[in-house]
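S.K.: Dropping a structure here in structure tokens format, bear with me for questions.
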Amino acid sequence: MYKEQVSEHNNLVHAFIVNHVDHCSSLYCGLPQVPLQPLDGVLRAAARMIGGVPRFGEFSEFMRDTLRWLPVRQCIHYRLSYIVWCCVLGSTPAYLLELFVLHWPKISPFCLQS
């Protein structure tokens, strides 16, 4: 496939598939792997289409290194980690900051003895 075609396919897939899968990914947190398998299948098929990888060819490195896509489970964890980090920094909307409560562990003076 020509580089221009790969770029066009990549833009279309990002616009119509990856953004929709990623849009509400935090809602999938805590689900077992079974309901997430169809979403992984969609991303794998899209990666095969963009890269021209055969059906039974190895494409996980292509997804990770070339397209810089994460599997759905890792994408969910990354998204939630990013939201929590933004809450820690205080750079999220007020409705999220109201829900976020940071607990600091109490340190006993006996723990600090050397």
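The values are calculated or read from the model by the stated rules, or taken from the named source; none is laboratory data. Please read these numbers as outputs of a predicted model, since none were measured by experiment. Cβ sites come from the backbone with ideal geometry, for glycine too, and all protein chains shown count toward neighbours.
S.K.: Do we have ALA46 as surrounded by fewer than 14 Cβ atoms within 10 Å (Cβ to Cβ), out of contact with any Asp or Glu (no Cβ under 8 Å at 6 or more places or on another chain) and modelled with pLDDT of 80 or more here? Break it down into steps so the answer makes sense when it comes.
M.R.: Numbers: surrounded by fewer than 14 Cβ atoms within 10 Å (Cβ to Cβ): no; out of contact with any Asp or Glu (no Cβ under 8 Å at 6 or more places or on another chain): yes; modelled with pLDDT of 80 or more: yes.
Taking the combined requirement at face value, the residue does not satisfy it.
S.K.: Tell me, yes or no, whether region 29-40 has at least one residue that is touching a Lys or Arg at 6+ places or on another chain (Cβ under 9 Å), at pLDDT 80 or above and closer than 26 Å to GLU8 by Cβ.
M.R.: yes
S.K.: Next question. Spot the failing condition for PHE16; the list is (1) surrounded by 12 or more Cβ atoms within 10 Å (Cβ to Cβ); (2) over 15 Å from the mean Cα position of the chain (by Cα); (3) assigned to a helix (DSSP H, G or I); (4) not hydroxyl-bearing (Ser, Thr, Tyr), and only one is missed.
M.R.: It is condition (1) that PHE16 fails.
S.K.: Can you go through CYS29, CYS75 and tell me which one is touching a helix residue (DSSP H, G or I) at 6+ places or on another chain (Cβ under 7 Å) and either loosely packed, with under 14 Cβ neighbours inside 10 Å or of a type in the set (S, T, N, Q) (or both)?
M.R.: Numbers: CYS75 fails: either loosely packed, with under 14 Cβ neighbours inside 10 Å or of a type in the set (S, T, N, Q) (or both).
Unique residue meeting the criteria: CYS29.
S.K.: Hey, among the residues in region 49-87 that are among the hydrophobic types (A, V, I, L, M, F, W, C), within 16 Å of the chain's Cα centre (by Cα) and in a loop (DSSP other than H, G, I, E, B), which one's modelled with the lowest pLDDT?
M.R.: By that ranking, first place goes to LEU67.
S.K.: Also, quick follow-up: Determine the pairs where a residue that is in contact (Cβ under 8 Å) with a residue 40 or more places away in the chain, located within region 28-47, has a partner that is of a type in the set (A, V, I, L, M) and surrounded by fewer than 17 Cβ atoms within 10 Å (Cβ to Cβ) with Cβ atoms under 7 Å apart, the partner being 6 or more residues away or on another chain.
M.R.: From region 28-47, the pairs are CYS29/LEU80.
S.K.: Would you point out which residue out of VAL88, VAL72 is free of Cβ contacts under 8 Å to residues at least 40 places away in the same chain and in contact with a Leu (Cβ under 9 Å, 6 or more places away or on another chain)? Reasoning before the result, please.
M.R.: Numbers: VAL72 fails: free of Cβ contacts under 8 Å to residues at least 40 places away in the same chain.
Being free of Cβ contacts under 8 Å to residues at least 40 places away in the same chain and in contact with a Leu (Cβ under 9 Å, 6 or more places away or on another chain) holds for just one of VAL88, VAL72, which is VAL88.
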